[in-house]
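All remarks here apply to the structure that follows.
The values are calculated or read from the model by the stated rules, or taken from the named source; none is laboratory data. Just so we're clear, the structure is a prediction, and the values are computed from it rather than from any experiment. Reconstructed Cβ throughout: ideal geometry from the backbone, glycine too, with neighbour counts over all protein chains shown. Side chains are part of the model used for accessible areas, which takes the heavy atoms of the whole protein and leaves out ligands, DNA and RNA. Shrake-Rupley method; radii C 1.70, N 1.55, O 1.52, S 1.80 Å.
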Amino acid sequence: MSPRALAALVGRDVARTRGALASAGAGIVVGTAALVFFLALGLGARRVLLSEVFPLDVIELEPPRTSAGLLALLGGEAPIDGVLPAVATELGATPGAREVFGKLRFRFPSSARGGKELLGRELISHEMVGDGVDPALIEPELRERFQDPLARPGEPCVEDAACGRDEYCERASGSAGGRCSAPVPGLVSRKLVEVFDHAVAPQHGLPPVAGTLLARAEGVPFELSLGSSMLGVARLGAPRRARIRVVGVSGKAIDLGVTLPLAVVQRWNREYGGEAAATRWSSVVVRVASPADTAAVLAAGSRHGLVPADTRARDVSVLVSGVLALLFLVASVVLGMAALNIGHTFRALVADRRHEIGLYRAVGASAGDIRAWLLALAVTVGLLGGGAGVALAWVATRLADARARTDLPDFPYKPESFFELPAWLVALGVGYAVLFAVLGGLLPALRAARTDPAHLLGGGAR
Amino acid sequence: MTREFGAGAGLQRALQGVSVEIRRGEVVLVEGPSGSGKSTLLAILGGLDRGFTGEVRLFGEDPRALSDAALSRLRGERVGFVFQSFHLLGHLTALDNVLVPSLFARGGGRLDAARAREALAAVGLADRAGAFPHELSGGQRQRVAIARALSREPSLLLCDEPTGNLDSATGEEIIDLFAGSLAGGARALVIVTHERRLERIATRSLTLRDGRLTGDSQSAGDAP
Ligand SMILES: Nc1ncnc2c1ncn2[C@@H]1O[C@H](COP(=O)(O)OP(=O)(O)OP(=O)(O)O)[C@@H](O)[C@H]1O
Ligand SMILES: [Mg+2]
């Protein structure tokens with residue numbers, strides 16, 4: 001049978017059996033809509049959670065914190081826990097590792113105050129954490145502004161008053177004199193900005209900073225107290241102040257804190273924590289090509305006694321996958337029931353059309369033609385139902401996003417859209433709908449093809 | 001040929017050792033009481049029923065040796081059926097009903113609407129091409145069915161009680177149509193009927209009784 005003839009047959013069926021086919025296809029519509037909606041939601045959640053909140057391709061390895069704390073309690077003197085640069089290099093050579101870099105945490109207590117320029121009033125952070133990162137690792141567009149200011153030292157000085165307007169006197173504890181220095185460039189994380197804008201700022205009546213932070217060419221200045229905080233004073237060195245200027249938002253920045261050029265933190269760590277604090281990484285960050293490579297990196301890390309700093313990404317990933325699988329199952333059950341329903345409808349349809357099928361056979365249709373006809377009808381029901389289901393799901397995602405924009409309070413990482421509906425998901429939805437429709441129509445189609453055409457011939461006996 | 005249905009106690013012998021040969025140009029009437037096997041014979045002759053034993057040749061081919069597709073094509077190209085209850089499709093116009101066989105023909109839908117219209121005109125329904133079956137009288141419906149059967153110019157036309165559902169005047173029109181459908185001896189007609197009036201166009205009469213062939217007589221058959 002030619003495709004044209006098949007199309008004519010199926011077209012006439014759709015026209016004359018609209019009602020029955022529509023009610024048979026309704027289950028397909030609902031099932032496909034549920035499938036596509038849930039998967040789009042899952043993909044959207046996964047996108048936000050795993051690429052922005054808990055990136056899955058980045059592993060931060062560090063010495064176990066608990067044992068260090070315990071040793072400190074027992075021995076009084078905490079050993080310098082850190083990762084030797086050689087170990088970091090070795091981790092970078094693990095198969096699947098694309099990039100490795102060391103992070104150097106502040107090994108000294110510090111606090112910060114500032115933000116008046118940006119927020120309209122002074123903000124104080126009694127505990128400030130931060131780290132140092134090699135500027136070579138920073139996004140190129142930020143790199144130039146993110147350099148050690150003492151690479152180009154200013155005039156000798158003993159106090160800030162001797163320096164230029166924006167400058168301060170960078171003078172290490174115990175040394176007789178320092179050099180004037182431009183404010184140390186700092187980077188913050190997207191996470192910090194998100195949390196500030198959506199959780200902190202609204203509660204304290206402060207303006208959001210995301211836009212202005214990026215727009216201000218001169219950066220946001222604040223003052224860092226080195227060597228002392230609410231919680232204590234550094235063992236070495238004397239407390240002093242330094243000027244920081246936040247120059248941008250970076251993916252390499254510490255989650256909640258400020259990230260400075262590596263050389264600066266090395267200097268300060270040496271000043272307040274000694275040589276080892278300046279030369280051993282507090283943690284090593286490995287970026288892998290795909291999440292599947294994570295295991296090898298974790299194994300290599302554990303050979304050096306290192307543990308992942310944060311397992312939430314994996315936990316969230318497992319959770320999201322689990323929920324997705326569950327929703328997929330639910331949608332499949334709906335589609336399975338739809339297939340049964342289609343089976344019923346087709347069985348009735350085939351019984352109704354016994355004479356018609358017999359006639360087709362008598363005028364030249366082969367069993368294969370009859371099978372092809374009914375399967376094409378099932379495919380059509382699947383295509384139409386699947387298409388309608390995808391459309392319905394799309395409308396539902398739009399409605400849900402619109403509701404979320406107006407009705408949900410602002411929260412960190414609140415996305416523009418909670419959904420992701422890539423072309424492959426549309427294809428999957430329609431394909432799945434067709435699959436189930438064909439499954440439902442298969443047995444009736446096979447039975448119809450076996451219909452004995454001889455019954456058409458008249459006979460009181462039959 | 002022999003055709004049995006069922007098995008054991010329920011065994012039905014629809015045909016027993018019936019042996020016939022039908023040649024082109026013949027107009028064969030098949031008569032016999034109800035249940036004597038007339039329809040069964042037609043089904044086997046038309047390649048609709050392959051459950052027989054014995055030997056059958058359709059246009060030289062053994063229907064049991066052909067694939068279903070090949071046998072179906074043979075049916076579509078060389079056999080036409082006319083049924084007692086017409087079997088028109090209610091959702092199609094007369095014209096589309098005539099076009100149904102072409103859906104399954106090789107080259108799909110080759111028979112164009114013009115030829116289908118000719119076939120309708122040949123049965124006197126040129127002006128009713130757009131009518132649906134429920135808008136037609138019984139005789140008109142059977143004429144559409146005959147147009148459908150003849151549209152592809154079959155070598156063998158098989159009719160099962162074609163006038164059985166029609167009043168006698170209408171039946172007369174149908175008989176006239178058959179008389180005009182002999183294609184100058186290129187076609188064979190096999191007509192199961194109780195209709196005495198058909199004898200005027202018949203060349204031969206078969207009589208079946210309890211599945212056995214009890215009569216096979218040539219008749220005058222003064223076909224016009
Ligand atoms: N599919 C079938 N299953 C079982 N028995 C059948 C079947 N087809 C025919 N028969 C039996 O075969 C015998 C012949 O049937 P057939 O229909 O050929 O008779 P007929 O001469 O056409 O009768 P009528 O004049 O009533 O149409 C009958 O006894 C019938 O019951
Ligand atoms: Mg009969």
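Which residues, taken from segment B:11-35, are within 14 Å of ligand 2 (Cβ to nearest atom), surrounded by fewer than 24 Cβ atoms within 10 Å (Cβ to Cβ) and of a type in the set (Gly, Ala, Ser)?
B:32, B:34, B:35, listed by residue number.
So is residue A:447 away from every other protein chain (no Cβ under 14 Å), charged (D, E, K, R), free of Cβ contacts under 8 Å to residues at least 12 places away in the same chain and surrounded by fewer than 21 Cβ atoms within 10 Å (Cβ to Cβ) or not?
no
How many of the residues in segment A:438-457 are within 16 Å of ligand 2 (Cβ to nearest atom) and assigned to a loop (DSSP other than H, G, I, E, B)?
Matching residues across segment A:438-457 total 2.
Checking residue A:271 against (1) open to solvent by 20 Å² or more (accessible area, probe 1.4 Å); (2) over 23 Å from residue A:283 (Cα atoms), which test does it fail?
Every listed condition holds for residue A:271 apart from (2).
Table: residues versus (1) in contact with a Phe, Trp or Tyr (Cβ under 7 Å, 6 or more places away or on another chain); (2) under 17 Å from residue A:343 (Cβ atoms); (3) in a helix (DSSP H, G or I); (4) within 16 Å of ligand 2 (Cβ to nearest atom).
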position: A:358; (1), (2), (3), (4): no, no, yes, yes
position: A:377; (1), (2), (3), (4): no, yes, yes, no
position: A:395; (1), (2), (3), (4): no, no, yes, no
position: A:400; (1), (2), (3), (4): yes, no, yes, no
position: A:421; (1), (2), (3), (4): yes, no, no, no
position: A:430; (1), (2), (3), (4): no, no, yes, no
position: A:436; (1), (2), (3), (4): no, yes, yes, no
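Which residues, counting only those in segment A:274-289, are open to solvent by less than 40 Å² (accessible area, probe 1.4 Å) and farther than 28 Å from residue A:178 by Cα?
Those that are open to solvent by less than 40 Å² (accessible area, probe 1.4 Å) and farther than 28 Å from residue A:178 by Cα: A:283, A:284, A:285, A:286, A:288.
Report yes if some residue within segment B:57-66 is open to solvent by 30 Å² or more (accessible area, probe 1.4 Å), more than 8 Å from chain A (Cβ to nearest Cβ), outside any strand (DSSP E or B) and among the aliphatic types (A, V, I, L, M); otherwise report no.
Scanning segment B:57-66, I find at least one residue that is open to solvent by 30 Å² or more (accessible area, probe 1.4 Å), more than 8 Å from chain A (Cβ to nearest Cβ), outside any strand (DSSP E or B) and among the aliphatic types (A, V, I, L, M), so the answer is yes.
Only one residue in A:376, A:388 is open to solvent by 40 Å² or more (accessible area, probe 1.4 Å), at pLDDT 95 or above and not hydroxyl-bearing (Ser, Thr, Tyr), so which one is that?
After applying the criteria, what remains is A:388.
Filter segment A:97-136 down to residues that are surrounded by 19 or more Cβ atoms within 10 Å (Cβ to Cβ) and of a type in the set (Lys, Arg) and give me whichever is nearest to residue A:234 (Cα to Cα).
A:107
Provide a single number: the residues in segment B:183-207 that are within 13 Å of ligand 1 (Cβ to nearest atom) and surrounded by fewer than 20 Cβ atoms within 10 Å (Cβ to Cβ).
Number of matching residues: 2.
Would it be correct to say that residue B:168 is of a type in the set (Gly, Ala, Ser), in contact with a helix residue (DSSP H, G or I) (Cβ under 6 Å, 6 or more places away or on another chain) and open to solvent by 10 Å² or more (accessible area, probe 1.4 Å)?
Spelling it out, it is not the case that residue B:168 is of a type in the set (Gly, Ala, Ser), in contact with a helix residue (DSSP H, G or I) (Cβ under 6 Å, 6 or more places away or on another chain) and open to solvent by 10 Å² or more (accessible area, probe 1.4 Å).
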